[in-house]
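Step one of this worksheet: look at the structure below.
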Amino acid sequence: MSSLDSVFRGTSLVISHAQLLSDAVAKTAAFRHSRNLVFGYVAYRLASSAWRELVARGLGGSICDMYNSVAKVFFRYLLRAPGIRDKVGSEVGKVLADMEQSMIPRGPGITRHLELPEHGWSDEQIFEEMRTLSLMKHSAWEEGKVSGAVYHGGEDIIKLQTEAYGMYSTANQLHPDVFPAVRKMEAEVVSMVLKLFNAPETGAGTSTSGGTESLLMACLAAKMKGYHERHITQPEIVAPVTVHAGFDKAAYYFGIKLRHAPIDPVTYKVDLKAVRRLINSNTVLIAGSAPNFPHGIIDDIEGLSKLAVKYNVPLHVDACLGSFIVPYLERVYNEVDASVKVPLFDFRLPGVTSISCDTHKYGFAPKGSSIIVYRDSNYRRYQYFLATDWAGGVYASPTLAGSRPGALMAGCWATLMRIGDDGYMKSARSIVESARTIRKAIENEMPQLRVLGEPIVSVVSFTSTKLNVYDVADAMVKKGWHLSALQNPAALHIACTKLTTTSCAELVRDLKEAVAQVELEHSGESEQEIKQKQGDTAMLYGVAGSVSTNGIVDELVYGFLDNLFKA
Ligand SMILES: *Cc1c(COP(=O)(O)O)cnc(C)c1O
């Protein structure tokens, strides 16, 4: 018998034994039992997930969701169909080419630096080139004509920040032993923010690179807390549709399901009943804004806090925008208009477990600066990252970044110390007053527009059923203004900053003019036509101007992002 034969015989023997064995196993009660168990578990997971959807969205909503996801797939295939694909491709190409031309100036007088200069430049050459670059055509933020975007605190603050950077330009918070000063500054800034939001003694936080990172940290910490304390493996967050897109980003990055709760059509605050329906055993966090970006409305945080306590889930309050205004709101309205009741939104509400506050918005710190704070330091631990057995040594980092720019923290600390409590009170008051002026002017003098909800902070948003608001935005651009375009519903907003406090009378005058112009130019349009047009132009406004974008928004936005990196 050849050895090959014996191998063959051996193998077949093993196979036949295995066959016998598996037959025997299949017949045993234990196997049947465990098979049923696995089947039962899978069926249970599927059913409970379907049940959660049904509870969350209702029967109508679930059918709607199903229809939408089928329609989405269908359109994706449709866009790829021969004939259609080429047509869409060439349309997209045209818009992107236009966009590229306006974003990336080329031609005579513009030198492109696509590789390292062979010999390093002199300081003079560099400053000369940077001065030229600063003259590139841009929106007129210096005159207070841009909504939000630039939150500086005045020329003297900018000068102070520049000097603070200079002193600490090499500093890195990753090495507190080398740079103890910036460690101390960071701890102190966190402490100041905890105080502003009435945190208890146990309160704790970190600085981050901006509001988005603060939100990422809040969502990550909630996910890890849910995993470690409640064994949640399919985490979900419940947040209003008006919450910042940073929550969508967190969901995308960390594998969390974001369930959007609708808002009340009158108050524009999150619908608490909807939030309650969306909470389930997988919910690791609920969230609200103080105020939100689109409409500048503070959600009913007190109501959310009650839900948080009742269902024992953490509650995040996004005060990224509210930052250094909302803590002063009670005092401001005591002075300005005592009839306005400022709701509670901070750690005084027992359900609030974390708050994000952007020092780089109304704190006037240099860009790249925000604070995330928690009710207690145990919670903060869940955002930390440890690699204690790394070949490079014991590694630990509190936030997304490894190395962190100590210069920014120095700039932030210097700003907070320089402006102080009285300074922030003063700036909060003047910004709130200018938003009130704009709101009142729209409500009293522009019957074509309607203010959304009752904004009491710094943002005023408005819509219209009588005009296409995006036409109003275009008319305002011609007057040098840059308002933010919103969608669902179509609306515009202005976020008042320190810069706009001196330009709000001018804004009111120009807005009135713009509304009158649009009304005159489009006088024949029906309400239905206006609605249709607002729907079409909503998506890409501000990225590519008013283009019709049905179904191809993603392609255009991908192109926009690619353009950012063309030299
Ligand atoms: C600005 C803002 C943020 C964070 O934005 P960043 O650009 O990352 O600083 C978060 N929430 C709201 C409501 C905001 O307005």
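The values are calculated or read from the model by the stated rules, or taken from the named source; none is laboratory data. Quick caveat, the model's predicted, so the values are computed rather than measured. Ideal geometry is used to build each Cβ from the backbone, glycine not excepted, and the neighbour counts take in all protein chains shown.
Observations, loosely collected:
- Helices (runs of 4 or more DSSP H) enclosed by the stretch 180-283 - at least 1 residues per element that are surrounded by fewer than 24 Cβ atoms within 10 Å (Cβ to Cβ) and among the acidic types (Asp, Glu): 180-196, 211-230, 246-254
- Leading residue by the ranking (nearest to the ligand (Cβ to nearest atom)) among those in the stretch 208-227 that are in contact with a His (Cβ under 8 Å, 6 or more places away or on another chain) and among the aliphatic types (A, V, I, L, M): 215
- 3 or more residues within 16 Å of the ligand (Cβ to nearest atom) and within 24 Å of residue 246 (Cα to Cα): qualifying strands (runs of 3 or more DSSP E) within the stretch 329-396: 352-357, 370-374
- Scanning the stretch 228-245 for residues that are more than 16 Å from the ligand (Cβ to nearest atom) and either in contact with a Pro (Cβ under 7 Å, 6 or more places away or on another chain) or among the acidic types (Asp, Glu) (or both) yields 229, 236.
- From the list 492, 556, 561, 511, the one residue that fits, being part of a helix (DSSP H, G or I), assigned by TED's automatic domain parsing to the domain that holds residue 450, modelled with pLDDT of 80 or more and not polar (S, T, N, Q), is 511.
- Long-range neighbours under 9 Å by Cβ, at least six apart or interchain, first residue basic (Lys, Arg) within the stretch 178-207, second assigned to a loop (DSSP other than H, G, I, E, B) and modelled with pLDDT of 95 or more: 195/203
- The residues of the stretch 316-328 that are of a type outside the set (A, V, I, L, M, F, W, C) and away from the ligand (no atom under 12 Å from the Cβ), listed by number, are 327, 328.
- A Cβ distance below 7 Å, combined with a sequence gap of six or more or placement on separate chains, defines the contacts here; from the stretch 274-296, residues that are at positive phi and within 16 Å of the ligand (Cβ to nearest atom) reach residues that are β-branched (Val, Ile, Thr) and not in a loop (DSSP other than H, G, I, E, B) in the pairs 296/459; 296/460.
- Of all the numbered requirements in (1) outside the structural domain of residue 222 (by TED's automatic domain parsing); (2) surrounded by fewer than 23 Cβ atoms within 10 Å (Cβ to Cβ), residue 434 misses one, and that requirement is (2).
- Summed over the stretch 329-347, the residues that are under 16 Å from residue 455 (Cβ atoms), touching a residue at least 60 places away in the same chain (Cβ under 8 Å) and surrounded by 16 or more Cβ atoms within 10 Å (Cβ to Cβ) give a count of 4.
- When 309, 313 are checked against the criterion of being over 19 Å from the mean Cα position of the chain (by Cα) and either part of a loop (DSSP other than H, G, I, E, B) or within 16 Å of the ligand (Cβ to nearest atom) (or both), a single residue qualifies: 313.
- Some residue of the stretch 453-464 being assigned to a helix (DSSP H, G or I), among the small types (Gly, Ala, Ser) and either surrounded by fewer than 23 Cβ atoms within 10 Å (Cβ to Cβ) or within 24 Å of the chain's Cα centre (by Cα) (or both): no
- Counted residues, the stretch 285-306 - those being surrounded by fewer than 24 Cβ atoms within 10 Å (Cβ to Cβ) and touching a Lys or Arg at 6+ places or on another chain (Cβ under 6 Å): 1
- Test for residue 404: is it at pLDDT below 95 and crowded, with 22+ Cβ neighbours inside 10 Å: yes
- Yes/no for residue 488 being of a type in the set (S, T, N, Q), within 26 Å of residue 242 (Cα to Cα), within 25 Å of the chain's Cα centre (by Cα) and away from the ligand (no atom under 16 Å from the Cβ): yes
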